[in-house]
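Input: a single structure, listed below in structure tokens.
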Amino acid sequence: MIEKFKLWWAKTNISNIGWLAAFAVSMIVQWWFVAGACLGIFVYINFNVITKLLDEITTKEPNAE
């Protein structure tokens with residue numbers, strides 16, 4: 001589980017936290033449109049990264065024993 005988290009973090013880096021922080025700040029300031037945009041970008045980045053990681057994991061051939 002930790003290895004998967006490390007792979008995810010390596011792919012998203014600081015942009016992941018940046019969009020989530022921008023969402024939180026825009027919710028505090030009550031800029032609803034900006035909050036929705038930030039949340040949408042956060043979800044889009046994570047969805048793309050997670051699907052690419054799953055594709056990499058599933059396309060690897062299992063070790064022949």
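Only the coordinates and a few stated rules stand behind these numbers; no lab work does. Since this is a predicted model, take the numbers as computed values, not measurements. FYI the Cβ positions are ideal-geometry reconstructions off the backbone, even for glycines, and counts take in every protein chain you see.
Evaluating kT/(6 pi eta Rh) at 4 °C and 1.567 mPa s, with the Kirkwood radius of the chain over Cα pairs in the Stokes-Einstein relation, gives 97 µm² s⁻¹. For the peptides 35-46, 8-19, residues were scored by their other Cβ atoms within 10 Å and the scores averaged per peptide; the highest-first order is 35-46, 8-19. Mean residue ellipticity at 222 nm, helices only, the chain: -31000 deg cm²/dmol; runs of at least 4 DSSP H residues each add -39,500 (n - 2.57), and the sum is divided by the number of residues. Straightening the chain between Asn16 and Ala37 buys 6.2 nm, computed as 0.36 nm per residue apart minus the Cα-Cα spacing. Placing unit charges on the Cβ atoms only, positive for Lys and Arg and negative for Asp and Glu, gives the chain a dipole magnitude near 240 debye about its Cα centre.
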